[in-house]
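S.K.: Could you have a look at this structure, given as structure tokens, before my questions?
The values are calculated or read from the model by the stated rules, or taken from the named source; none is laboratory data. Only a predicted model underlies this, so the values are computations on that prediction, with no experimental measurement involved. Here Cβ is always computed from backbone atoms with ideal geometry, including for glycine, and neighbour counts include all displayed protein chains. For accessibility, only protein heavy atoms count, side chains too; no ligands or nucleic acids. Shrake-Rupley method; radii C 1.70, N 1.55, O 1.52, S 1.80 Å.
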Amino acid sequence: MSGKPKLTYFNGRGRMESVRWLLAAAGVEFEEEFLETSEQYQKLIKDGALLFDQVPLVEIDGMKMVQTRAILSYIAAKCNLYGKDPKERAFIDMYVEGTADLMGMIITFPFTPPQKRNLALIIERATTRYFPVYEKVLKQHGQDFLVGNQFSWADVQLLEAILMVEEKEPTVLSNFPVLQAFKARISNIPTIKKFLQLGSQRKPPPNDQYVATVIEVLKKD
Amino acid sequence: MSGKPKLTYFNGRGRMESVRWLLAAAGVEFEEEFLETSEQYQKLIKDGALLFQQVPMVDIDGMKMVQTRAILSYIAGKHNLYGKDLRERALIDMYVEGTTDLMGMIMFLPFQPPEEKEKNFALIIERATTRYFPVYEKVLKDHGQQFLVGNQFSWADVHLLEAILMAEECKPDILSPFPQLQAFKGRISNIPTIKKFLQPGSQRKPPADDKFMAQEP
């Protein structure tokens with residue numbers, strides 16, 4: 001037993017990617033077990049490892065944690081990325097819920113039947129509902145980070161969301177100069193810079209094989 | 001200005017109901033503003049009151065908070081309903097995420113097209129009785145305490161009671177395989193603040209009906 005957190009998920013981004021980002025940003029090394037077969041998944045359930053029969057699962061500090069938000073909140077608090085008081089925490093929570101909603105649209109995209117996919121809606125939401133908010137927050141206080149003049153979970157998740165949307169529409173930040181500067185600044189933080197380099201545990205965007213594996217693993221007999 | 005939190009939402013349960021439950025459980029009085037017209041909603045947006053142009057919105061301690069989970073976490077933290085340390089907090093977070101997922105399915109049932117309703121209803125009952133309720137039944141059975149986490153009343157208990165009652169509205173005998181949850185329901189319902197909230201005349205809202213559905217701006 002190594003003492004490092006161990007992540008159990010498919011070999012791809014999905015809902016676990018935000019956890020990888022946050023651990024990496026905090027400079028915490030972690031191990032991964034990838035779900036590749038339905039038998040593996042059924043065994044986890046039979047062994048009682050998955051509280052609600054679902055992944056992500058993160059084994060950390062003697063707990064088998066499930067539910068992405070619960071996992072992220074625990075890591076953020078443990079690693080001092082959750083602000084310094086309840087009000088800062090409240091702002092971080094609001095901001096990460098916004099980026100989670102935006103990224104949620106992209107996560108489910110490859111699993112949506114092609115005729116129902118709406119890339120235009122994702123870009124519209126990014127450019128009219130979400131990015132303007134963060135642009136304004138940063139512009140108004142003029143600080144380097146979203147909350148409390150200190151690097152937090154909110155900054156990590158916003159960078160993750162920006163990069164994810166840019167993969168779909170490379171010019172999406174063209175009207176958001178403050179976010180462009182934010183993106184560069186946060187990308188240069190040493191732990192983030194390392195995570196963005198080849199060979200890190202960051203996962204590539206989903207491809208057909210990833211989608212097929214997820215469907216296969218989760219299939220009901 | 002009264003100092004009481006002010007809730008802005010439709011006059012119905014939806015995503016705000018869990019907030020009403022938690023404030024009531026904590027014994028916190030609150031005011032409500034109900035969205036009834038599209039103009040009202042557009043005005044809130046224009047005034048910059050809704051961070052992501054969405055409700056729920058709770059005006060509390062000088063913050064216009066949005067995003068249900070953020071609101072609930074803040075209230076729980078403020079009123080000592082979030083455990084005594086980080087690990088208890090982690091357990092509470094996991095448990096409320098489970099009941100949130102279950103209640104989310106029930107909340108969206110009225111919005112499903114008629115041909116999907118029956119299938120989704122069956123899925124709700126299946127999930128409640130095979131994925132969610134067995135977990136909480138086991139947690140309570142294993143530690144034998146009155147409350148889900150840390151031998152102390154918390155947000156997780158409030159949320160579970162809310163989910164149980166909502167599931168019972170779908171299927172009245174849904175708790176019959178779960179004796180611990182039946183006892184839990186009896187116990188938590190008798191906590192004075194909760195008991196008061198369960199009485200007619202409280203700010204608890206009735207289940208969604210067609211009139212509520214028609215209000216969506």
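S.K.: So, with a 1.4 angstrom probe, what is the percent of accessible area on the stretch B:1-97 that is carbon and sulfur?
M.R.: The C+S portion of the solvent-accessible surface of the stretch B:1-97 is 46 percent.
S.K.: Next question. Of A:142, A:163, A:83, whose Cα points farthest to the positive end of the dipole of the stretch A:50-189 (charges on the beta-carbon: +1 Lys, Arg; -1 Asp, Glu; origin at the Cα centre)?
M.R.: So the residue we want is A:142.
S.K.: Another question, then. Using the Kirkwood radius over C-alpha pairs as Rh, can you work out the diffusion coefficient of the stretch B:1-56 via Stokes-Einstein at 37 °C, viscosity 0.692 mPa s, in µm² per second?
M.R.: Result for D is 270 µm²/s.
S.K.: Further question on the same structure: Please give the total accessible area that chains B and A bury against each other, computed with a 1.4 Å probe and expressed in Å² to the nearest 100.
M.R.: Approximately 2700 Å² gets buried when B meets A.
S.K.: Hey, what did chain A get for relative contact order, percent, Cα under 8 Å, at least 6 apart?
M.R.: Relative contact order, chain A: 29 percent.
S.K.: Quick one: the Cα spread of the stretch A:144-221 along its three principal axes, in angstroms, biggest first?
M.R.: That works out to 51, 26, 25 Å along the principal axes.
S.K.: Additional query: Would you mind calculating the relative contact order of the stretch B:35-74 from Cα pairs under 8 angstrom and at least 6 residues apart, reporting the percent as a whole number?
M.R.: This gives 25 percent for the stretch B:35-74.
S.K.: Additional query: DSSP beta bridges in the protein assembly as shown, what fraction antiparallel, as a percent rounded to 5?
M.R.: For the protein assembly as shown, the DSSP antiparallel bridge percentage is about 60.
S.K.: Keeping the other protein chains in place, figure out the carbon and sulfur percent of the accessible area of the stretch B:129-209, with a 1.4 Å probe.
M.R.: 54 percent
S.K.: Next question. Indicate, rounded to the nearest 5 percent, the antiparallel portion of the DSSP beta bridges found entirely in chain B.
M.R.: 65 percent
S.K.: Calculate, in whole percent, how much of the Cα-Cα pair population of the stretch B:121-163 lies beyond 13 Å.
M.R.: In whole percent, the long-distance tail amounts to 57.
S.K.: Wrap a convex hull around the Cα atoms of the stretch B:92-151, take a quarter of its surface area, and give that in square nanometres.
M.R.: Orientation-averaged projected area of the Cα hull: 4.4 nm².
S.K.: Suppose R0 equals 60 Å. What FRET efficiency, 1/(1 + (r/R0)^6) with r the Cβ-Cβ distance, do residue A:201 and residue B:199 give to the nearest 0.05?
M.R.: The pair residue A:201/residue B:199 has a calculated efficiency of 0.70.
S.K.: A follow-up question, please. Treating only the Cβ of Lys, Arg, Asp and Glu as charged (+1, +1, -1, -1), what charge dipole size does chain B show about its Cα centre? Round to the nearest 20 debye.
M.R.: That gives chain B a dipole magnitude of about 540 debye.
S.K.: Right, something else. Charges at C-beta only: +1 for Lys and Arg, -1 for Asp and Glu. How large is the resulting dipole of the stretch A:1-71 about its Cα centre, in Debye rounded to 20?
M.R.: Approximately 220 debye in magnitude.
S.K.: Kindly report the accessible area of chain A per residue (heavy atoms of protein chains, probe 1.4 Å, no ligands, DNA or RNA), in Å².
M.R.: Normalised by residue count, the accessible surface of chain A is 47 Å².
S.K.: Rounded, prolate or oblate: which one fits chain A, using the alpha carbon gyration tensor with axes a ≥ b ≥ c (rounded when a/c is under 1.5, else prolate when a/b beats b/c, else oblate)?
M.R.: Cα axes put chain A in the oblate bin.
S.K.: Something else: To the nearest 20 debye, what charge dipole does the stretch A:37-165 have about its Cα centre, counting +1 at the Cβ of each Lys and Arg and -1 at the Cβ of each Asp and Glu?
M.R.: The calculation lands at about 260 debye.
S.K.: Could you state the number of Å between the C-alpha centres of the stretch A:175-218 and the stretch A:96-160?
M.R.: Taking the Cα centre of each part, the stretch A:96-160 and the stretch A:175-218 sit 14 Å apart.
S.K.: Which residues of the stretch A:70-87 end up with at least 30 Å² less accessible area in the presence of all protein chains than when their chain stands alone, using a 1.4 Å probe?
M.R.: Buried on complex formation: A:70, A:74, A:87.
S.K.: I need the fraction of alpha carbon pairs in the protein assembly as shown separated by more than 33 Å, rounded to a whole percent.
M.R.: Everything past 33 Å amounts to 36 percent.
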